[in-house]
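The values are calculated or read from the model by the stated rules, or taken from the named source; none is laboratory data. This structure is a prediction, so every number in the text was calculated from the model and none was measured. With ideal geometry, Cβ positions are generated from the backbone for all residues, glycine too; neighbour counts draw on all protein chains shown.
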Amino acid sequence: MMFSSSDIGLLISSTLTYATPLIIAGLGSIMSETSGVVNIGIEGQMVVGAFSCAAAATIFGNPWAGLLAAILAGAIFGLLHALACITFKADQTISGIAINLLAPGAAVYFCKALFDGSTQTRPVELTGKLPLVLGGVFPENSFLDYMFKNYVSVYLCLLLALGIWFLLFKTRMGLRIRAVGEHPRAAATLGIGVFRLRYFCVVLSGILAALGGAVIPLSTVSYFFPSIISGQGFIAIAAVIFGKYKPGSTVLACLLFGFCKSLSLSLGNPKFALSVSVHLLSMIPYIITLLVLLFIGKSHAPAASGKIYDPAGH
C-alpha cells in the first residue's frame with residue numbers, strides 16, 4: 001500500500017474539511033464554558049443548524065441564506081438554554097440534555113412539514129454550496145491543489161478561532177468573561193454584569209454550534225438527514241476538554257479528530273485493498289476520543305462552570 005503525494009494532500013484537505021464543524025462547535029463550547037455555563041446541548045444545536053442551513057440553502061439556492069438560517073436557529077436554542085440556566089437557574093446538564101432531545105425533534109418535525117413528510121431535505125444544488133477558494137491556482141490534482149483548495153468555511157473557521165482567542169485573552173471584555181467564569185460574585189462587586197455576559201456567551205455558543213452543523217450539508221454532504229451529526233457535537237466537547245478550554249489547543253484537538261475521520265475513509269478506499277471492515281474503520285474517531293479522554297490528565301474547567309449564580313446569595 002502506497003500513498004502518493006496527491007493522496008497525502010487529499011488526506012490533509014479532507015482533515016481540514018472534517019475538522020471545520022468540530023472547530024466551530026468547539027469554539028462555541030469554549031465561549032459558554034468560559035463564562036461559567038456548561039453547554040452539552042452542542043450536539044442538538046448542531047443538528048438544528050444543519051437542518052436550518054440545508055433547508056434554506058435548498059429553498060433559496062444560496063449558501064449564505066442557509067448560514068443565516070442556521071444563525072437564527074442557533075440563537076433561538078442558545079437563548080432557550082440561557083433562559084433555563086441563567087434566569088430560571090435550572091441544572092445546566094439537564095438543560096443541555098433537553099436541548100439535545102428538543103432540537104433534533106424540532107428539526108425532523110419541520111423537515112417533514114417542509115419536504116412532504118420526508119425526514120430528509122432535498123439535495124443542495126451546486127449553487128447552494130459554499131465556494132471553493134484557491135481553486136485553479138495550483139496544477140489540478142497535485143499535492144498543493146488538494147492541500148490549499150478548500151471550502152471557504154475552512155479558512156473562515158481558522159480566522160474565527162483567532163478572533164475568539166483575541167477576544168478572550170487580549171480584550172477587556174474577554175477578561176470580564178473569564179472573571180465571570182471563575183468568580184461571578186467577585187466580578188459583580190466590580191460592576192461587571194454577570195447575567196448580561198453569560199447571556200451573550202451562551203447565545204453565541206448556540207450560534208457557533210449551529211454554524212458548525214451548518215457547514216456539513218454545504219461541504220461534506222448535500223442534504224440534511226436525522227443522523228447527520230452522529231456524535232460530532234460530543235466529539236467537539238471532548239476536543240475542548242482535551243484542549244484545556246483554550247482555543248488554540250482545541251483547534252489542534254479538532255484537527256486530530258478530523259484526521260482520524262479522514263484516515264478512516266482513506267483506509268476504506270478500495271484503491272488500497274485493505275481487508276478491514278468499513279464498520280471498524282468508522283469507529284476510529286470515537287475510539288480516539290475515548291483514548292484521548294482517558295490519557296489526557298487533568299483538565300480544569302473555569303471554577304464557576306456548571307454552578308448556579310444567585311446574586312442574592314441563596
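A few notes on this one:
- For A75, the criteria (1) closer than 20 Å to K89 by Cα; (2) small (G, A, S); (3) crowded, with 24+ Cβ neighbours inside 10 Å hold in every case but one, which is (3).
- Here G231 fulfils each of the conditions (1) touching a Ser or Thr at 6+ places or on another chain (Cβ under 7 Å); (2) at pLDDT below 95 apart from (1).
- Cross-chain or 6+ apart pairs with Cβ under 9 Å, segment 281-303 first and touching a residue at least 40 places away in the same chain (Cβ under 8 Å) and closer than 13 Å to F257 by Cβ, then of a type in the set (S, T, N, Q) and crowded, with 16+ Cβ neighbours inside 10 Å: P285/Q232; P285/S264
- Of all residues in segment 35-54 being of a type in the set (S, T, N, Q) and either within 11 Å of the chain's Cα centre (by Cα) or assigned to a helix (DSSP H, G or I) (or both), the one that is surrounded by the fewest Cβ atoms within 10 Å (Cβ to Cβ): S52
- Meets criteria (closer than 21 Å to Y151 by Cα and at pLDDT below 90) for K271: no
- Of the helices (runs of 4 or more DSSP H) lying entirely inside segment 131-229, those carrying at least 3 residues that are out of contact with any His (no Cβ under 7 Å at 6 or more places or on another chain) and surrounded by 21 or more Cβ atoms within 10 Å (Cβ to Cβ) are 152-170, 172-182, 194-214.
- In segment 55-69, the residues that are part of a helix (DSSP H, G or I) and surrounded by fewer than 24 Cβ atoms within 10 Å (Cβ to Cβ): T58, I59, F60, W64, A65, L67, L68, A69
- Residue among A214, A161 that is farther than 30 Å from D310 by Cβ, touching a Pro at 6+ places or on another chain (Cβ under 8 Å) and modelled with pLDDT of 95 or more: A161
- Tally of residues being surrounded by fewer than 15 Cβ atoms within 10 Å (Cβ to Cβ) and in contact (Cβ under 8 Å) with a residue 24 or more places away in the chain across segment 98-113: 1
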